[in-house]
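Quick notes on the structure that follows.
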Amino acid sequence: MVRVTLHKGRELRLLAGHPWIYQRDLLRVEGTPKPGELVEVRDARDRFVGRGYINPYSQIMVRLLTWEEEAIDEAFVRRRVQPAIDLRKRWVADVEAYRVIFGEADLLPGLVVDRYGGVLVVQFLTAGIEALRGPLVDVLVDLLRPRGIYARNDAPARQLEGLERTSGVLYGEFDTLLQIAEGGVRFWVDVAAGQKTGLFLDQRENRLRLRSLADGREVLDAFCYTGGFGLHAAASGARSVLGIEFSKDAAVLAMKNVELNGFGDIVQVVEANAFDQLRSMDREGRRFDLIFLDPPAFTKGKEALESALRGYKEINLRAMKLLREGGTLVTCSCSYHLSAELFREILVEAASDARRRFRLVEFRGQARDHPVLLHVRETNYLKVAVLEAVS
Ligand code: SAH
């Protein structure tokens, strides 16, 4: 196995359990390893730190798979996948669609496995995890007995890793447009062409927990994707729901989902830019009792944080203006680079500009099938503030 040696002191973060090694952490790399090759990591005094995989093209050069002197083989993969499945058995009961493996948080960096009923949708996001594809598929088939496995390998991250962006069926036979139920609401899921692996599963617990707020109210679901929060609101007795979504494919599927659930009289979906639509509704004097605001990550990196902050503030300001007295705003940020503290600051600023006051009723995060490692901050990314307009 290729050896890489760390600069003095750089092992401490790793020994505490963080799996990422940057180029600047490395004193020496033996030979010229290929992307995805297994490496053994040693500290500056040549003591064993761990084993992982390397990609010389990636900013994160090495991701650790283990802190033990063990072989990285099928038995190893099984020792990682089984506890991930057990964790979901403990915490995610009676759920058809959930995340089985969440990369770093399940000690399998670069791997995402989502389950939609009998079908698994897998993302191999790094060259190193791609290299383990064979044993991973075998172990998943053995432990979960899926009807099929689909590889969603079109994420931009793969290109940065020097990998091809090709998707397709890895195992079994199934329709890539499938149906699942979430808390009694049915969804069409396009695992081949939908965003992420088909659904935003990280919001599942928030959809289920917050849906009851909708009873008897006029609801706005800005950034609705295929209808997530809005359909749950309709199922919980909303008087009306307006969904806004600018991706045509998502809006079309949202409308199919409205039909599927028989909510045609309650839910309306418009294909539009939420920024523009919220502004024009404010001008027309439209108001809502409950607003869900779940925008995409306005920034994936540290660089664009400034403009992302402006985006978050702007959209929250517009939503706050549309809220009736006593109304509720559920506002989210899935950008890791925007900390919870900074997100709250932005909400304070937006509220001040909107001349509204709010109670922070709840501050929530991602569903438990997207576990957070205490010592790996990057695994904690979703923030959801539930604000009630003080009247
Ligand atoms: N709440 C949803 C997930 C939302 S993901 C659920 O529970 O399923 C964010 C969505 O915002 C994506 O569908 C994306 O296509 C859409 N989007 C991104 N920018 C937008 C914009 N400016 N206006 C409207 N929709 C937008």
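All of the numbers you see were taken from the coordinates with simple rules; none came from a lab. Treat the numbers as computed from the prediction; the structure is a model and nothing was measured. Glycine gets a Cβ as well: all are built from the backbone with ideal geometry, and neighbour counts include every protein chain shown.
For this structure, a couple of remarks:
- The charge dipole of the chain, taken about the Cα centre with unit charges on the Cβ atoms of Lys, Arg (+1) and Asp, Glu (-1), comes to about 860 debye, rounded to the nearest 20.
- The chain, relative contact order [Cα under 8 Å, separation at least 6], %: 11
- The mean sequence distance of close C-alpha pairs (under 8 Å, at least 6 residues apart), as a share of the length of the range 199-241, puts its relative contact order at 43 percent.
- Antiparallel bridges, percent of DSSP beta bridges restricted to the chain (to nearest 5): 65
- Each Lys and Arg Cβ is given +1 and each Asp and Glu Cβ -1; about its Cα centre, the range 172-307 then shows a dipole of about 300 debye.
- Convex hull of alpha carbon positions in the range 190-247: directionally averaged projected area 3.8 nm².
- Which of Leu231, Val269, Met320, positive extreme of dipole for the chain (C-beta unit charges): Met320
- A full extension of the chain between Ser391 and Leu160 corresponds to an added length of 78.2 nm, given 0.36 nm per residue minus the alpha carbon distance.
- Modelled this way, with points 7 Å down the Cα-to-C-beta line, the labels at Asp215 and His375 are 4.5 nm from one another.
- Fewest-first sequence of Thr226, Thr379, Thr328 by Cβ atoms within 10 Å of each Cβ: Thr379, Thr328, Thr226
- Taking the convex hull of the alpha carbon positions in the range 75-165 and averaging its projected area over all directions gives 5.5 nm².
- Euclidean distance between Cα centres, the range 78-105 to the range 133-158, Å: 14
- Spin-label pair Ser307-Arg147: with each label point 7 Å from Cα along the Cα-Cβ axis, the two points sit 4.3 nm from one another.
- Straight-line cross-link reach from Lys248 at under 30 Å between alpha-carbon atoms covers these lysines, not counting any fewer than eight positions away in the same chain: Lys196, Lys256, Lys300, Lys302, Lys313, Lys321, Lys383.
- The range 1-93, relative contact order [Cα under 8 Å, separation at least 6], %: 26
- Cα-derived Rg to Rh of the range 235-307, Kirkwood definition: 1.03
- Relative packing of 365-377, 73-85, which averages over residues the other C-beta atoms within 10 Å, highest first: 365-377, 73-85
- Part-to-part distance (alpha-carbon centres) for the range 212-248 and the range 329-384, which is given in Å: 20
- Quarter of the Cα convex hull surface for the chain, i.e. its orientation-mean projected area (nm²): 19.2
- The alpha-carbon of Lys34 sits under 14 angstrom from the alpha-carbons of these aspartates and glutamates, leaving out residues fewer than 8 places away in its chain: Glu130, Glu161.
- Cα-based convex hull, the range 23-143, per residue volume (Å³, whole number): 110
- The Cα trace of the range 294-391 gives Rg and Dmax of 13.6, 41 Å, the first to one decimal, the second as a whole number.
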